[in-house]
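Participant: Starting off with a structure, shown below.
Bear in mind that the values in this text are calculations on the coordinates, not laboratory data. Here the structure is a predicted model, which is why all the values come from computation and not from measurement. A quick note on method: Cβ atoms are made from the backbone with ideal geometry, for glycine too, and the neighbour counts reach across all protein chains shown.
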4 protein chains.
Amino acid sequence: MAIPELQQRLRDFVAERDWQRFQTPKNLVMALTGEVGELTEIFQWLTAEQSATVMSDPARAEHVRDEIADVLAYLLRLCDVLGIDPEAALAAKITKNAIKHPSN
Amino acid sequence: MAIPELQQRLRDFVAERDWQRFQTPKNLVMALTGEVGELTEIFQWLTAEQSATVMSDPARAEHVRDEIADVLAYLLRLCDVLGIDPEAALAAKITKNAIKHPSN
Amino acid sequence: MAIPELQQRLRDFVAERDWQRFQTPKNLVMALTGEVGELTEIFQWLTAEQSATVMSDPARAEHVRDEIADVLAYLLRLCDVLGIDPEAALAAKITKNAIKHPSN
Amino acid sequence: MAIPELQQRLRDFVAERDWQRFQTPKNLVMALTGEVGELTEIFQWLTAEQSATVMSDPARAEHVRDEIADVLAYLLRLCDVLGIDPEAALAAKITKNAIKHPSN
C-alpha cells in the first residue's frame, strides 16, 4: 500500500472515531514524540551489535514493526493536516543535503 | 518519488559518504529523536490555533517541510537497516488498531 | 531529600541490581527519551487549559509525578556517570541565558 | 545552588521577560522534548565507549553540561507550574521502584 492510500486510510480511521479535533499539528507532534519514545525503549539497553539483530526474535520483530508503524502513522497524519507531501518533502531535502554534504 | 526509490537514494547517499558504520539501528533511533526534537521546537510555544496556520508563512513552511523530511529520512533508514517494509508495517498496524479501537 | 542524596540512592539502586554495565551515557540519554515520551503521552491530547489542571485528578497527578520522577532519575544518573553537578550546571546556564536574552 | 533556589531564579527569569503565558504544562513538556533532542544529537553517532569519554574534551564537556542544564531547567519549570516537588517525587518513586524491582 503506497503513502497516499495509507494517508486516506488514516484519515478515514480518524474521521470514523470523530478524533479530528484532537489532531492539531501541535498535538500530532507530541504524539510523534510519544511513539519515538516507545521505539527508543526497545533499543535503549541494547549494544550496537544487539540492536543489529533485533529482528531475529519474531515477537520483538513484531514489536519493532508496530512502533515504527506508529511513528509513521503520526508523521503521515501531521503531513495531512499541514498539507505537506512527505515524499516530495524528502526528495527535496535529499537534494539540499547533497549540496550541504558533498561526497568525495 | 515513492518510498522504495527514496530509500534507494538515502542508501546511496550514505554509501557515497561511507557513513554505513554509524547507521546502526540504535544510532538511527537516536537520530530520529534528534529530528523530532527539532520539529518540536517549531511548535512548542505555539497555541493550537497558531500550529494550524504554521504553513501560511513561506519560510516557516519550508522549515517544517525540512524537519518532517529529516524525521522521515531516519525512519526510512531505520527500516532499511532492519529489513522492514514501512508501508506494509503501517497497513498491518492500521488493521490491528481498527480491532483495538472499534468505531461506532 | 536533596539532589546529592537522591543521586546516592539511585547509585545504590543500580549497583544492587548490577545494572551499571547498561548505564552508559549513550544508553541513559536514550532512557531519558523514553521517559519524556511517557510524560508527553499524558499531555498530548490535552488543550493548554486542560494541561494546566492536570493535577486536580489524584490518579493522574500521581501518574504525572511518577513520570517526572523517572525523567529526573535518568537525568541524575546521566550526570553521575559523566561527573556533572546538575545544580552547578544549571546555575551556570541561567547566568549565560541572562546575557543571551536580556530582560527589558 | 539547591533546587528550590534554582526554581526561584528560573521563575524570576521567566517573569522578567513576561514569558509566563507561554509556559503552560503542555508547552513545557514540548520544550523538554526539544532539549532532550539536542542532548541526544551529541551522543547519537558515538559508540558506547566514546560516550563514556565525552567529557574529556573541554568544549564538548561544556556543550553536554549546557544541554543537561536546559533539560533540568524545563523539568523544574514544569514542576513549578504543576506544583510538584521534584525531589519528593523522585524519593517516592525510588521507594516504589525498589518494591517493583527487588534486588537479590
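Participant: Taking the convex hull of the Cα atoms, report for segment A:3-100 its projected area averaged over all directions, in nm².
Facilitator: On the way: hull surface 33.3 nm².
Answer in nm², one decimal: 8.3.
Participant: Springs between alpha-carbon pairs under 10 angstrom, Gaussian network model over chain B: which of B:ALA61, B:ALA91, B:ALA15 fluctuates most?
Facilitator: Result for chain B, Cα springs under 10 Å: B:ALA91 fluctuates most.
Participant: Have a look at C:GLY37, C:SER103, C:ASN27 and report the one farthest towards the positive end of the charge dipole of chain C, computed about the Cα centre with Cβ charges (Lys/Arg +1, Asp/Glu -1).
Facilitator: C:SER103
Participant: Name the nearest-to-axis residue of chain A, judged by Cβ distance to the rotation axis taking chain A onto chain D, and quote that distance in whole Å.
Facilitator: Value returned for chain A: A:THR33, 2.
Participant: Which aspartates and glutamates does A:LYS96 reach when only Cα atoms under 19 Å apart count, and residues fewer than 8 places away in its own chain are ignored?
Facilitator: Partners within reach: A:ASP85, A:GLU87, B:GLU5, B:ASP12, B:GLU16, B:ASP18, B:GLU35, B:GLU38, B:GLU62, B:ASP66, B:GLU67, B:ASP70.
Participant: If you take each beta carbon of peptide B:46-54 and count the beta carbons of other chains within 10 angstrom, what is the mean?
Facilitator: So the per-residue partner count for this stretch is 5.
Participant: What are the distances, in nm and sorted shortest first, from the label point of C:THR53 to the label points of the same position in each other copy, with each label point placed 7 Å from Cα along the Cα-to-Cβ direction?
Facilitator: Those label-point separations list as 2.7, 5.4, 5.6 nm.
Participant: Okay, moving on. Pop a pseudo-label 7 angstrom from the Cα along the beta-carbon direction at both B:GLU49 and C:GLN50 and give the gap in nm to one decimal.
Facilitator: 1.9 nm
Participant: Separate question: Translational diffusion coefficient, Stokes-Einstein: compute it for the protein assembly as shown using the Kirkwood radius over C-alpha pairs as Rh, at 4 °C and 1.567 mPa s, and state it as an integer in µm² s⁻¹. Could the numbers behind the result be given before it?
Facilitator: Working: Rh = 22.1 Å.
It diffuses with D of about 59 µm²/s by this estimate.
Participant: Hey, another quick one. Once you list every other residue whose beta carbon is under 13 Å from the beta carbon of C:LYS96, what net charge do they have if Lys and Arg are +1 and Asp and Glu are -1?
Facilitator: So the surrounding residues net to 0.
Participant: Per-residue mean of other chain beta-carbon atoms within 10 angstrom of the beta-carbon, peptide A:79-90? Intermediate values should be presented prior to the final figure.
Facilitator: Details: counts 4, 0, 3, 9, 2, 6, 2, 7, 7, 3, 11, 16.
Per residue, the number of nearby Cβ atoms from other chains is 6 on average.
Participant: Which distances, in nm and shortest first, link the D:ARG17 label point to the same label point in every other copy, taking 7 Å along Cα→Cβ?
Facilitator: From this label point to the equivalent ones elsewhere in the assembly: 3.1, 3.7, 3.7 nm.
Participant: Okay, moving on. Contact order normalised by length for chain D, with contacts defined as Cα pairs under 8 Å and 6 or more residues apart; what percent is it? Write out the running numbers ahead of the final one.
Facilitator: On the way: 41 pairs, mean separation 37.9, N = 104.
After rounding, I find 36 percent.
Participant: Along Cα→Cβ at 7 Å, what distances in nm separate the B:ASN97 label point from those on the other copies, shortest first?
Facilitator: Result for B:ASN97, in nm, nearest copy first: 2.5, 3.1, 3.5.
Participant: Residues with beta-carbon under 15 Å from that of B:GLN8, excluding B:GLN8: net charge, scoring Lys, Arg +1 and Asp, Glu -1?
Facilitator: With Lys, Arg at +1 and Asp, Glu at -1, the neighbours total -4.
Participant: State the Kirkwood hydrodynamic radius of segment C:40-90 in Å, one decimal place, computed from all pairs of distinct Cα atoms.
Facilitator: One decimal place: 12.7 Å for the Kirkwood radius.
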